[in-house]
Amino acid sequence: MSKIILKNMDITINLNNGTTIPNDKLIIAGPCAVESYEQLLMIAKFIKSKGANVLRGGAYKPRTSPYSFQGMREEGLKIFKSVKKEVDIPIVTELMDARDIDKIYEVADIIQIGSRNMHNFSLLTEVGKQDKPILLKRGMSATIKEWINAAEYIAVGGNTNIIMCERGIRTYNDYTRNTLDLAAVPIIKNEIGLPVIVDPSHGTGIKELVKPMSLASFAAGADGIMIEVHPEPEKALSDGPQSLTFNEFEDVVESLKK
């Protein structure tokens, strides 16, 4: 049985910088992974100056290959904490393991559950006990009903401050990294009323598609977007091909304002 709690919800999520969702558009930006203090500080200052209201980045990185960069882990969280204090910007970062929940809670303003963990029901149950907003990414092969049920797992624990994130699903299409399902935006808003944002970076995997898909996301009624930004994408330790340069990010934000 689904949609027992999350039916016709009217959720308002308040961040400590005055951003109120869904009254304000959520512009989340930052690197795929925290690579250094200098890197994250530079990105945080820039994206905030251009209109972003949340900084993203991974301290713990779920990677398909065990030989890929796994993130800076605890050191990455320390960097997040320092940059957050200096730039005064809310943080969203991913929780992969319930054993790390206290460490993530101390730093994050929004706790992200990634695509690979959408079906990790024990983890969903644990974040349902928290009092911070949860950003729930859609599983890469999940139906909309399965995605809603994952949100229900969180809500059953008492936390209904959930932001749904459409990040593309796996289909027969082999041109883009995933297939961005923008129809999910109005469907989710109609079915359960939770805020919905879109991640066009993971949804396409192609930086040239991030701008048009961001515009399309807002046209579909999304409450925000989540974009990967890096000063030198060609040198990024993860997801460089889909990351925007500073100039490209500025162009996207200006286009969205119009």
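Things to note:
- Residues (in contact (Cβ under 8 Å) with a residue 24 or more places away in the chain and of a type in the set (Ser, Thr, Tyr)) located in the stretch 31-67: 36, 37, 60
Residue-by-condition table, conditions (1) open to solvent by less than 10 Å² (accessible area, probe 1.4 Å); (2) more than 25 Å from residue 184 (Cβ to Cβ); (3) outside any loop (DSSP other than H, G, I, E, B):
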site	(1), (2), (3)
215	no, no, yes
218	no, no, yes
221	no, no, no
225	yes, no, yes
228	yes, no, yes
231	no, yes, no
234	no, yes, yes
252	yes, no, yes
256	no, no, yes
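- Residue 125 being in a loop (DSSP other than H, G, I, E, B), polar (S, T, N, Q) and surrounded by fewer than 23 Cβ atoms within 10 Å (Cβ to Cβ): no
- Scanning the stretch 170-191 for residues that are open to solvent by less than 40 Å² (accessible area, probe 1.4 Å) and in a loop (DSSP other than H, G, I, E, B) gives 176, 178, 180, 181, 182.
- Odd one out for residue 194 among (1) among the aliphatic types (A, V, I, L, M); (2) closer than 21 Å to residue 6 by Cα; (3) open to solvent by 40 Å² or more (accessible area, probe 1.4 Å): (3)
- Taken over the stretch 69-110, the criterion of being assigned to a helix (DSSP H, G or I) and charged (D, E, K, R) is satisfied by 74, 75, 78, 81, 84, 85, 86, 99, 100, 102, 103, 106.
- Taken over the stretch 153-165, the criterion of being open to solvent by less than 30 Å² (accessible area, probe 1.4 Å), in contact with a Gly (Cβ under 7 Å, 6 or more places away or on another chain) and not small (Gly, Ala, Ser) is satisfied by 154, 159.
- No other residue among 154, 163 is farther than 19 Å from residue 27 by Cα, of a type outside the set (Gly, Ala, Ser) and in contact with a strand residue (DSSP E or B) (Cβ under 7 Å, 6 or more places away or on another chain) apart from 154.
- Members of the stretch 96-108 that are farther than 18 Å from residue 138 by Cα and either crowded, with 20+ Cβ neighbours inside 10 Å or β-branched (Val, Ile, Thr) (or both): 101, 104, 107, 108
For every residue, the table says whether it meets (1) under 27 Å from residue 109 (Cβ atoms); (2) surrounded by fewer than 24 Cβ atoms within 10 Å (Cβ to Cβ); (3) at pLDDT below 95; (4) in contact with a helix residue (DSSP H, G or I) (Cβ under 6 Å, 6 or more places away or on another chain).
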site: 138; (1), (2), (3), (4): yes, no, no, yes
site: 151; (1), (2), (3), (4): yes, no, no, no
site: 168; (1), (2), (3), (4): yes, no, no, yes
site: 208; (1), (2), (3), (4): no, yes, no, no
site: 212; (1), (2), (3), (4): no, yes, no, no
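- The requirement of being in contact (Cβ under 8 Å) with a residue 60 or more places away in the chain, surrounded by fewer than 20 Cβ atoms within 10 Å (Cβ to Cβ) and farther than 21 Å from residue 163 by Cα is fulfilled nowhere in the stretch 11-30; no residue meets it.
- One residue stands out among those in the stretch 32-80 that are of a type in the set (Phe, Trp, Tyr) and either surrounded by fewer than 21 Cβ atoms within 10 Å (Cβ to Cβ) or out of contact with any strand residue (DSSP E or B) (no Cβ under 7 Å at 6 or more places or on another chain) (or both): the one that is modelled with the highest pLDDT, which is 46.
- Only a single item in (1) within 21 Å of residue 32 (Cα to Cα); (2) modelled with pLDDT under 95; (3) among the hydroxyl-bearing types (Ser, Thr, Tyr) is not met by residue 160, and it is number (1).
The values are calculated or read from the model by the stated rules, or taken from the named source; none is laboratory data. Predicted model only: the values in this text are computed from it and were never measured. So basically every Cβ, Gly included, is an ideal-geometry build from the backbone, and we count neighbours across all protein chains shown. To get the accessible areas, we keep the full protein, side chains included, count just its heavy atoms, and leave off ligands, DNA and RNA. Shrake-Rupley method; radii C 1.70, N 1.55, O 1.52, S 1.80 Å.
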